[in-house]
Structures are given as structure tokens and as C-alpha cells.
1. Suppose the filter is buried (at least 22 other Cβ atoms within 10 Å of the Cβ), within 15 Å of the chain's Cα centre (by Cα), part of a loop (DSSP other than H, G, I, E, B) and aromatic (Phe, Trp, Tyr); does residue 102 pass it?
2. Looking at region 112-129, can you tell me whether even one residue there is open to solvent by less than 60 Å² (accessible area, probe 1.4 Å) and part of a helix (DSSP H, G or I)?
3. Going by the structure shown, is residue 266 touching a residue at least 40 places away in the same chain (Cβ under 8 Å), in a strand (DSSP E or B) and surrounded by fewer than 23 Cβ atoms within 10 Å (Cβ to Cβ)?
4. Kindly list, by first and then second residue, each pair from a residue in region 218-237 that is under 16 Å from residue 75 (Cβ atoms) to a residue that is among the aromatic types (Phe, Trp, Tyr) and surrounded by 17 or more Cβ atoms within 10 Å (Cβ to Cβ), limited to pairs with Cβ atoms under 8 Å and residues at least 6 apart or on different chains.
5. Which pairs turn up if I take residues in region 37-52 that are modelled with pLDDT under 95 and look for partners that are part of a helix (DSSP H, G or I) and surrounded by fewer than 24 Cβ atoms within 10 Å (Cβ to Cβ) with beta carbon separation below 8 Å, at least 6 apart in sequence or on another chain?
6. Could you list, in sequence order, all residues of region 196-215 that are surrounded by fewer than 23 Cβ atoms within 10 Å (Cβ to Cβ) and among the polar types (S, T, N, Q)?
Amino acid sequence: MERSVEASLGVLAGIGSTPLVELRKVVPRGSARVLAKLEFANPTGSMKDRMAVAAVKAAEARGDISPGDTVVEYTAGTTGISLALACAAKGYRLHVVFSDAFSDEKRRTMEALGATVEDVPSDRGRITESLIKAMIARAGELSAQPGHWACDQLNNRDAITGYLALGEEIWQQSNGQVDAFVQSVGTAHSIHGAAHALRRHLPKLKVVAVEPAESAVLSGGPTGSHRIEGIGIGFIPPLWEPEEVEAIEVVSSEDAMAMSRRLAREEGIFAGTSSGGNVVAALRVAEQLGPDATVVTIMVDSGFRYLSTGLYG
């Protein structure tokens with residue numbers, strides 16, 4: 001019997017085609033419709049599966065990585081988990097530079113998928129610019145070894161292509177009814193990739209970025225520490241394109257966490273802190289646009305990754 005192309009891809013065939021659902025309880029009357037893309041339906045429970053596979057496949061095509069090589073990445077955990085999935089499926093080793101500032105669930109998941117995880121100590125569990133830069137520096141040292149390839153997510157343009165399909169899915173699933181796209185910024189891959197795909201259909205799409213209020217560097221504020229894992233790296237991401245974004249919304253860690261808990265209890269959507277921040281910002285945009293518009297945002301990853309943190313404790 002002939003195998004289908006998807007079956008031959010193994011677990012990687014399960015990436016994408018995630019649900020798009022309407023938020024019903026947390027959206028005030030008179031606001032725009034708010035749709036949420038449930039990216040925790042990807043195999044590892046996050047949107048980062050898309051970029052991890054895109055980055056590895058592009059490296060393979062260029063000959064940057066060969067069977068038996070080791071992929072190296074600095075990560076708050078979400079990209080690391082997705083790379084661990086891709087490496088396990090494709091037969092590569094993975095060495096991750098991580099920190100105690102991020103959830104223990106992420107560490108355990110990366111290790112379960114076969115990754116080697118080493119820590120750069122944080123300052124009392126705070127996510128800061130100096131921590132991220134120290135992690136980047138350590139990953140650079142590791143990747144200089146023979147047989148090691150630096151994924152280097154902040155500078156990896158291939159990763160952006162992984163989110164083109166995300167934008168296309170949103171367009172198809174919403175029946176072309178999208179007025180604004182709201183997404184938090186870490187590397188800036190997902191906001192630019194998805195928006196680029198959407199703007200092929202709708203050039204006038206409003207794109208709104210989200211960042212932590214405590215470290216609002218995209219908005220011109222000072223760097224600082226915050227508790228929204230995976231976003232707000234404390235400096236301008238190298239691939240950030242401000243001209244591609246119409247507005248930036250800042251959301252405090254407390255507000256993002258409170259909304260994540262509301263989503264779980266009122267909508268049955270169990271997601272992480274950056275997803276809560278996305279919804280806080282999306283509701284502001286929905287209020288501005290009014291009842292005839294549609295706002296789309298992303299549920300970035302699963303709440304199961306944060307059970308040991310203060311989010312759901």
C-alpha cells in the first residue's frame with residue numbers, strides 16, 4: 001500500500017492547521033469580534049513548531065547541517081521544545097542554553113525529547129536584557145565547535161517563513177474577515193510572517209504588536225525585568241520591522257497573567273502568559289474598531305507549561 005506524503009513525514013505532519021475560535025465571554029459588548037488561533041494544538045503545544053521545522057529544513061537545504069550534527073539554541077524554552085521535536089524527528093542532537101528564569105516544565109519537556117539543557121543563572125528569576133545576552137553569548141561559544149550549527153533564532157530569517165502558513169490559515173478560516181492582527185513580540189518572526197501572508201490578501205490590515213509594560217523597548221521605553229516568558233527580550237530584536245506595524249500595545253505582567261486565568265475559567269482556553277497579554281491588547285483594539293470589525297490574535301502556547309509558576313499556582 002502506498003504511504004501518503006503526510007504519513008511519511010511522521011510527527012512533523014501534525015504541525016499547522018490549528019483551530020480558529022471566537023472569544024465569547026471576555027469580549028465586552030459593542031467591541032469587535034475577537035478570534036483566537038489555538039496554536040497550542042501543534043504537536044509540542046506551541047506555535048514555535050512552525051519556525052523550528054522551517055529553520056532546520058532551510059539549514060539542511062543549504063548543507064549547513066548534516067546527519068549526526070548538533071543544533072545549538074538559546075531559548076526561554078518554547079523554541080527549544082519545538083527544536084527538540086524537530087531534531088528528534090530528523091535525527092539531530094540538540095544543545096539548549098536555558099535559565100532558571102523560565103518554567104521547569106519547559107526544561108523537563110526539552111530533556112524528555114532528548115535535548116541537552118544547560119543553564120545561565122538569572123538574577124532572582126528575573127527576565128532581563130543581561131540574561132538574554134548572556135544566553136546568546138554562551139550559545140555562540142557552543143556553536144563554534146565542529147559539527148555544531150547555531151539556529152540563532154533572533155537572526156534566523158528562515159524562521160519567518162514558518163509563519164506564512166499561519167497567516168494563510170487565518171485568512172481561510174476567517175473567510176477573509178480580518179481587520180486587525182494582534183501578536184506579541186519576542187523574535188518578531190510570527191508577527192511579521194503571519195502579517196506578510198495576510199497582507200497579500202488585505203493590504204490595509206492593521207497590525208498591532210504587544211510587549212511587556214515593564215520592558216517596553218519597542219515603544220521607546222527603558223529595558224526592565226518582567227514575567228511574560230518568551231517575549232520582551234529587553235532590546236530591539238534584530239529582525240524587528242517597525243514600519244510593518246501600525247501600533248504597539250504595552251501590557252503589564254500582572255494584567256497578562258490575570259487574563260490568562262480568565263481565559264481558562266471563562267472561555268476554557270488554557271494558555272500561557274503571552275497569550276493572556278495578546279488578548280488584553282486585542283480587546284483594546286476591538287474596542288477601538290467597534291462591532292463591525294474582526295480582530296485576530298494568537299494563543300501562543302499551552303498553560304500546561306506554567307503550572308509550576310505563579311500563573312496558575
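1. When the stated conditions are applied, residue 102 passes them.
2. Yes, region 112-129 has at least one match.
3. No: the conditions fail for residue 266.
4. Partner pairs satisfying both residue conditions: 229/102; 229/306.
5. Pairs that qualify, where the first residue is modelled with pLDDT under 95 and the partner is part of a helix (DSSP H, G or I) and surrounded by fewer than 24 Cβ atoms within 10 Å (Cβ to Cβ): there are none.
6. Those that are surrounded by fewer than 23 Cβ atoms within 10 Å (Cβ to Cβ) and among the polar types (S, T, N, Q): none in region 196-215.
The values are calculated or read from the model by the stated rules, or taken from the named source; none is laboratory data. Only a predicted model underlies this, so the values are computations on that prediction, with no experimental measurement involved. FYI the Cβ positions are ideal-geometry reconstructions off the backbone, even for glycines, and counts take in every protein chain you see. Remember, those area values only see protein heavy atoms, side chains included, never the ligands or the DNA or RNA. Shrake-Rupley method; radii C 1.70, N 1.55, O 1.52, S 1.80 Å.
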